[in-house]
Amino acid sequence: MALSKAVTRRVQLSPNYTTANRSLASIRAILIHWWNVPSAGATHGGVVSWFMNKDSKVSAHYVCSANLVTQQVREKDIAWHAGPANRDSIGLELSPYCTAGDYQTAAELIADIWKRAGRIITLEPHRAHMATACPGDWDLGRLHRMALAIYRTPVVTTPVIPPPPVLPPAVIIPEKEKPMSLTTQNVQQIADAVLNDRRHDLNGNANTQSFKIANTNNQVNFLRAEVAGLRGALTGLVDVLEKDHVGLKAHVSDEIDRAVAEITDVVEEA
Ligand SMILES: [Zn+2]
């Protein structure tokens, strides 16, 4: 879809058409009209209503002006806009005011048809087929160049970069509970739980495709910072223990060093 988000697309089908079963491959030209001379003051909505009136006996596939495209005849069916040229063409009824916005939306609509057809389809003025001034001031060379630029623009997809993992809150021991409520066993349980969480996060990150894609210094540095944060949190815990459980400090420090080394290995491997 080459139509930009700014463009409103409507379908208001006209009763004025010949049923056919055309494929885009069978379309020879896109026929360009303007819907009247500018001095007539006709509006997009007025033209759409006229084409929906059975008595008018005229139609086009699309009425198009700045940021508004109204489809009135299905592309597979034949619209009534250019006599003998109807059979193998798609008819575009453009605004006679020829503003930059009118050009932009028309170019997007043409590029959209081209993309669905998988090829460039010639633009032809109505006057190439009948004695008429239509499409007046429209510059089909300019319109073709603008449509071509849109047609050739590849679809850009923005890579989704996952947010960095959120660090868990530091283990904070309430003042009133320390140090008497701490035992060797529950200190180790706390340390193990924290380390297991971090190890799980790090392994999980290492296994995702996004991590592999983003395996840059930034990512590694981020993980190093996580390890440093963990070391800080656990060092704080050790400081608490030091006050009343001096004998425990060496043991827990060894455990922490060992676990941090493990995590660091995971980071290095990543
Ligand atoms: Zn015309």
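Here are the numbers for this structure:
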{"read-out": "Failed criterion for T70 (all others in (1) within 16 Å of the ligand (Cβ to nearest atom); (2) not in a helix (DSSP H, G or I) hold)", "value": "(1)"}
{"read-out": "Options A2, A20, A25; residue that is of a type in the set (G, A, S) and either within 20 Å of Y103 (Cβ to Cβ) or within 16 Å of the ligand (Cβ to nearest atom) (or both)", "value": "A2"}
{"read-out": "Cβ pairs under 7 Å, 6+ apart, first in the stretch 119-137 and closer than 15 Å to I30 by Cβ, second among the β-branched types (V, I, T) and near the ligand (Cβ under 10 Å from one of its atoms)", "value": "L123/I32; E124/I32; P125/I32; H126/I32; H126/T132; P135/I32"}
{"read-out": "Close pairs (6 angstrom Cβ cut-off, 6 or more residues apart or separate chains): free of Cβ contacts under 8 Å to residues at least 40 places away in the same chain in the stretch 89-106, crowded, with 24+ Cβ neighbours inside 10 Å anywhere", "value": "D102/S95"}
{"read-out": "Qualifying position, being at pLDDT 70 or above and among the acidic types (D, E), among D244, D265, D201", "value": "D265"}
{"read-out": "Residue list for the stretch 21-39, filter: in contact (Cβ under 8 Å) with a residue 12 or more places away in the chain and farther than 28 Å from R119 by Cβ", "value": "N36, V37, P38"}
{"read-out": "G136 vs. criteria within 16 Å of the ligand (Cβ to nearest atom), under 30 Å from Y103 (Cα atoms) and either surrounded by 15 or more Cβ atoms within 10 Å (Cβ to Cβ) or at pLDDT 75 or above (or both)", "value": "yes"}
{"read-out": "Total residues in the stretch 28-52, condition part of a loop (DSSP other than H, G, I, E, B) and either under 13 Å from W80 (Cα atoms) or within 16 Å of the ligand (Cβ to nearest atom) (or both)", "value": "4"}
{"read-out": "Only one of V11, V58, V63, V7 that is within 16 Å of the ligand (Cβ to nearest atom), under 32 Å from the mean Cα position of the chain (by Cα) and of a type outside the set (D, E, K, R)", "value": "V63"}
{"read-out": "Top-ranked residue in the stretch 75-88 [being free of Cβ contacts under 8 Å to residues at least 60 places away in the same chain and within 15 Å of P125 (Cα to Cα); ranked as nearest to the chain's Cα centre (by Cα)]", "value": "H81"}
{"read-out": "Matching option when the condition is more than 26 Å from T153 (Cβ to Cβ), modelled with pLDDT of 95 or more and charged (D, E, K, R), among R22, R28", "value": "R22"}
{"read-out": "Criterion violated by R152 - all others in (1) at pLDDT 95 or above; (2) farther than 19 Å from V11 by Cα satisfied", "value": "(1)"}
{"read-out": "Every residue from the stretch 111-132 that is away from the ligand (no atom under 16 Å from the Cβ), part of a helix (DSSP H, G or I) and not acidic (D, E)", "value": "A111, I113, W114, K115, R116, A117"}
{"read-out": "The stretch 69-122, residues that are touching a strand residue (DSSP E or B) at 6+ places or on another chain (Cβ under 7 Å) and β-branched (V, I, T)", "value": "V69, T70, V73, I78, I90, T105, I110, I113, I121, T122"}
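The values are calculated or read from the model by the stated rules, or taken from the named source; none is laboratory data. Computed from a predicted model, the values in this text were never measured in an experiment. Heads up, the Cβs are rebuilt from the backbone with ideal geometry, glycines too, and the neighbour counts pull from every protein chain shown.
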